[in-house]
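A short reminder: the numbers here are calculations on the coordinates, not readings from a lab. These numbers were taken from a predicted model, which means no experiment stands behind them. Note: ideal-geometry Cβ built from the backbone for every residue, glycine included; neighbour counts use all protein chains shown.
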Amino acid sequence: MARHTVVTMPGDGIGKVVLPEAIRVLDAVGFDAEYVHADIGWEFWVKEGNPLPERTLDLLRKHKLGLFGAITSKPKKEAAEELDPSLRDEGHVYFSPIVGLRQKFNLDICIRPCRSFRGNLLNFIRKTPDGGVEEPAVDAVIFRQNTEGLYSGLEWTDPPAQVRDALATHPKFKPFAEVPNEDIAVSVRLFTRNACRRILTAAFEYADKHGYRSVTVCEKPNVLRETSGMMEEVAREVRKDYPSIQHWSTNIDAQMMWLTKNPEDYGVIVAGNLFGDIVSDAFAGLVGGLGFACSGNIGQDVAVFEPTHGSAPKYEKLDPPIVNPIAMILSAAMLLDHVGETDKATNIRDAVAAVVEEGKVRTYDMMRIPGGRDVLSRGAAMTPQVTDAILDRMGR
């Protein structure tokens, strides 16, 4: 019997392409695991009215560990139009299945490392005063609160009377008092103190364990005084247990400027759901883009690891495949870290670093050329060739 069982959820589009590549690497590094397929994504929304079937939830409840590929997510109206006609009058409402996974299993701690690899043509560079160019090493790890904030799903268009009545008790609602109900849409940004404490404690603990000198809270407390203010307040409390770690604070808008000026200054960053999504993608852009962006969604019992890129359906059917599997492979390395197989995880990351630095095997995005059927003729590698190169570096 295998030591671990991993629930594999390829999902949509290129998720079906890159997830098998990650399993190839896990097998090659000697990870003792059995893989159990689970259904998730757009196909099951269209056929069943549920992109996150209960049978998938049951597998995760049982095995506690998941690898996820990508999902296609569309706006409310488009989702309703693509639903099977036999299901359209049954009250089904589309909801992102990865957001659903995070909420159902309280995967409240999202970790998104954004580290540059030497030799990557896509790395951030800047000019020096003497007219030269320098390439600072970027090593930022974003801790994103995963279950609350504006992604909590507390939303209404044409809000019910009790919601409108509650809003009317706030003096800031006065300018909207005469707006017709059908012309009002409401999204609630909700933070809780316990969730803030969990994400901040995880961030300070990570910084302390891995030698980072600072934890930056990236919010907007000068405007979002209650929610961002709570995050800042709890950060000051948590920091008392980590006196060697500095507590920095940035506003999300200013952070977008500073990360393109001095990204090497930042180590561990903490933010709520929306701002964490923004700042992690921004930092990912400095280290090669979403083809290198891995993440882990971690709760007290269940953990799911995924690349942060989308499903890119236009590339799913290309044969041979051309997409970059590195983000998925690095997500698998994060899974290894989570279960205590850190030597195996390091082996994978070292092999990825060596392949990138050598520069002989690059997918189209790593070559900075547009994707399409012609990229192989222009010297780009196929998806499996990148995995093959990583396995060669691992001595497999």
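Rounded to the nearest 20, the size of the Cβ-charge dipole of the chain about its Cα centre is 640 debye, with Lys and Arg at +1 and Asp and Glu at -1. Figure legend: label point modelled 7 angstrom from the Cα of Glu34 along Cα→Cβ; residues of the stretch 63-104 with amide N under 16 Å from it are 63-66. Label separation (Ser244 vs Glu134): 2.7 nm, computed from points 7 Å beyond Cα along the C-beta direction.
Share of antiparallel DSSP beta bridges in the chain, in percent to the nearest 5?
Values: 22 of 47 bridges.
About 45 percent, rounded to the nearest 5.
The distance separating the Cα centre of the stretch 258-285 from that of the stretch 5-54 comes to 28 Å. Filter the cross-link list Lys220/Lys344; Lys16/Lys62; Lys104/Lys172; Lys317/Lys360 down to pairs whose alpha-carbon distance in this structure exceeds 30 Å. Correct reply: Lys220/Lys344; Lys104/Lys172. For the pair Met1 and Met256, the difference between a 0.36 nm per residue extended length and the Cα-Cα distance amounts to 87.0 nm.
Order of Ser331, Ser96 from fewest to most other C-beta atoms within 10 Å?
Details: Ser331 25, Ser96 17.
The order, fewest Cβ neighbours first, is Ser96, Ser331.
By the helix-only formula, in which each DSSP H run with n ≥ 4 contributes -39500 (n - 2.57) and the sum is divided by residues, the chain has a 222 nm mean residue ellipticity of -11500 deg cm²/dmol.
What order do you get for 264-276, 23-35 when each peptide is scored by the mean count of other beta carbon atoms within 10 Å, highest first?
Working: 264-276: 23.7, 23-35: 18.0.
Ranking the peptides 264-276, 23-35 by packing returns 264-276, 23-35.
Each of Val223 and Asp319 was given a label point 7 Å from its Cα along the Cα-to-Cβ line. The distance between the two points is 5.0 nm.
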